[in-house]
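Only one structure is covered here, and it is reproduced in the block below.
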Amino acid sequence: MLKVKNVNVFYGNIQAIRDVSLEVNEGEIVTLIGANGAGKSTLLKTVSGLLKPKQGQIVYEGKTINGKAAQTIVKQGISHVPEGRRIFANMSVEENLELGAFLRKDKAGIREDMEKVYELFPRLLERLKQQAGTLSGGEQQMLAMGRALMARPRLLLLDEPSMGLAPLLVKTIFRIIEEINKTGTTILLVEQNANLALSIAHRAYVVETGRIVLSGSAEELTASEQVKMAYLGGH
Amino acid sequence: MEFVQQLVNGISLGSIYALIALGYTMVYGIVKLINFAHGDVFMVGAFVGFYAITILDMSFFPALILAMVVCALFGILVERIAYKPLRNATRIAALITAIGVSLLIEYGVIYFRGAQPEAYPGDVLPTSSIDIFGVAISSQSLFILTISIVLMVILQFIVHKTKIGKAMRAVSFDAEAARLMGINVDNTISATFAIGSALAGAAGVIFGTYYIKIEPLMGVLPGLKAFVAAVLGGIGIIPGAMVGGLLLGLIESLVSAFGYSLWRDAVAFVVLILILIFLPSGLFGKNRREKV
Ligand SMILES: Nc1ncnc2c1ncn2[C@@H]1O[C@H](COP(=O)(O)OP(=O)(O)OP(=O)(O)O)[C@@H](O)[C@H]1O
Ligand SMILES: [Mg+2]
């Protein structure tokens, strides 16, 4: 579904992504794990069109999308829930969800998806008219995910959904991620919480200083000594 | 009852400041640029209205609409040519460019039509005085106030209820997140310049109708004062610009009413200094706290 081929990304002269290739197949949850500053967010931003790769190619459903504007990529079915949620704090919960459907014109379909979002996140329904900035951290994460789903994506990019949340809430969020995946949305998940990410993912890639250093099925990586040492608290 | 008349004058003047201030504040909200050329868009609007009325023989409303359309296009043009290439440049570079654009517009107009002032015909709007509780109020003041209010209501509707308005608020808050929603940031910025400039154009025509005399440098002082009004209300905040404009107009008129008319112009800048010292985020500004 998504193929990233030998991509290099720079911030000015600083290279953040070095010759990265990866693949996400339809229906999968694929996770990218890696330490702070490894380049995980940069990679997601490159896929969603916020950044342009200097070299390499990104192919989504058979079409080259690198260099395309972010809005074109959203339209093709990729939604990105950015690190830190980035909800529109000055607007209501409802308006945030509406903005998620910005490019859509099918009123009936939008309503339908709103209902689906309320089903996944009943708390949002209770707070529709509330200013998004007054939501708790967990609710903001739910809103960010709900907003992304409003574009009816086939591929969902999630950047550290567990960041700053209490363990119980993290569990809820991860259960919902699995649920979203089961309804047919493919997921590329970036996480620092490698344990948790590997527990729901089908496959995983390990990123270190802008390179992919390891990849395999979630089971393989969970069992790998290298991953255990570096990311699973080394037993 | 001189006082009440001054009050009415103050509100009329204030609604003109408010219309201009809206453009400042909207543009600042979205690109964090103080568009110092904005006062000159107001001047261009006044001239477009003048020529529409005198040469094209239009009546007030068609002239108003024409001026708004021309200014909207002009605003888009200025943004695309002068500001867009500097979107990622330092603030000071953009600010200096804005001052350059301002001078270019002023002296461009002088180059093409000369520096001589022009007078709006006196019969654009019917002049009569309306008697309210024994006070004679000029019908023009009321008319101006009504038009300004209608324009502001339309603006509020656009900003809060339409798709483009929501896009404008989203881009103002977080342009990158807005891009992830599929919002075209460039077009949204253009729309903001268009709407802000159209309001300034309307203010120009209203100004000409009310104060008669227009000239190529007429935008400088009202532009600066509208900027003060925007800061007074809290730069980037739309209702703030409305209230700030009205308040500034009132303050100026009251200063005149108490016999200090020579201080009229200075007062605005005293207000600016006081605001910057005591209430830097303006009347409506709040120091936002964000959740992590
Ligand atoms: N806007 C930027 N300008 C310059 N360098 C940047 C910018 N954003 C990120 N970088 C650099 O690129 C590298 C990768 O950053 P990135 O945010 O992708 O890491 P990450 O893996 O997402 O880290 P984290 O887990 O902390 O979110 C880092 O060295 C970072 O300093
Ligand atoms: Mg990151």
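The values are calculated or read from the model by the stated rules, or taken from the named source; none is laboratory data. From a predicted model like this one, the values you see are computed outputs, not experimental measurements. Note that we place each Cβ from the backbone using ideal geometry, even for glycine, and neighbour counts take in every protein chain shown. Quick note on the areas: whole protein, heavy atoms, side chains included, nothing else; ligands and nucleic acids left out. Shrake-Rupley method; radii C 1.70, N 1.55, O 1.52, S 1.80 Å.
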May I ask you to list the residues of the range A:214-235 whose amide nitrogen lies under 20 Å from a point 7 Å from Cα along the Cα→beta-carbon direction of A:Ser199? A:217-225, A:227-235
Can you figure out the FRET efficiency of B:Thr90 with B:Tyr111, using R₀ = 22 Å and their beta-carbon distance, to the nearest 0.05? 0.15
Project the alpha carbons of the range A:85-146 onto their principal axes and report the range along each, largest first, in whole Å. 31, 21, 18
log₁₀ I(q)/I(0) of the range B:159-240 at q = 0.12, 0.16, 0.17, 0.22 Å⁻¹, via Debye over equal Cα point scatterers, no solvent, to two decimals? -0.47, -0.75, -0.82, -1.07
Anything over 19 Å Cα to Cα? Flag those among A:Lys3/A:Lys116; B:Lys84/B:Lys166; A:Lys3/A:Lys171; A:Lys129/B:Lys166; A:Lys105/B:Lys84, in the order listed. A:Lys3/A:Lys116; B:Lys84/B:Lys166; A:Lys3/A:Lys171; A:Lys105/B:Lys84
If you average the C-alpha positions of the range A:190-213 and of the range B:214-292 separately, how far apart do those two centres end up, in angstrom? 54
I'm a student and want to see the number: the projected area of the Cα convex hull of the range B:38-188, averaged over all directions, in nm². 12.4
With a Förster distance of 41 angstrom and the Cβ-Cβ distance between B:Ser281 and A:Ala35, calculated FRET efficiency to the nearest 0.05 equals 0.60
Less than 9 Å Cβ to Cβ from B:Lys225, Lys/Arg counted +1 and Asp/Glu -1: what total charge do the surrounding residues give? -2
What does the charge count around B:Val44 come to, taking other residues whose C-beta lies under 15 Å from its C-beta (Lys +1, Arg +1, Asp -1, Glu -1)? -4
Of all beta bridges DSSP finds with both residues in the protein assembly as shown, what is the antiparallel percent, to the nearest 5? 60
Taking the range B:109-157, the equivalent ellipsoid from its C-alpha gyration tensor has semi-axes in Å, biggest first, of 29, 20, 8
Given 0.36 nm per residue, what is the gain on full extension from A:Lys129 to A:Lys52 after removing their alpha carbon distance, in nm? 24.1 nm
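At a Förster distance of 56 Å, what's the computed FRET efficiency of A:Arg211 paired with B:Thr127, Cβ-Cβ distance as r, to 0.05?
Step by step, r from the Cβ atoms, then E = 0.15.
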Label point 7 Å out from B:Ala175 along Cα-to-Cβ: which residues of the range B:22-41 have amide N under 13 Å? B:27-34
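Equivalent-ellipsoid semi-axes (√(5λ), Cα gyration tensor) for the protein assembly as shown, whole Å, largest first?
Semi-axes (√(5λ), whole Å): 54, 23, 20.
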Global geometry of the range A:30-184, whether rounded, prolate or oblate, following the gyration tensor of its Cα atoms and the 1.5 cut on a/c: oblate
With every protein chain kept in place and a 1.4 Å probe, the residues B:Phe3, B:Phe269, A:Phe88 fall, from largest accessible area down, as B:Phe3, B:Phe269, A:Phe88
Each label point is 7 Å from the Cα along the Cα-to-Cβ direction; what then is the distance between the points at A:Ser21 and B:Val4, in nm? 8.5
What is the distance, in nm, between label points placed 7 Å from the Cα along the Cα-to-Cβ direction at A:Glu61 and at A:Thr183? 1.8
Give the distance, in whole Å, between the Cα centre of the range B:114-137 and the Cα centre of the range A:1-71. 64
Which one of A:Asn96, A:Leu156, A:Leu168 has its Cα pushed farthest toward the positive end of the charge dipole of the range A:95-235, where Lys and Arg give +1 and Asp and Glu give -1 at the Cβ? A:Asn96
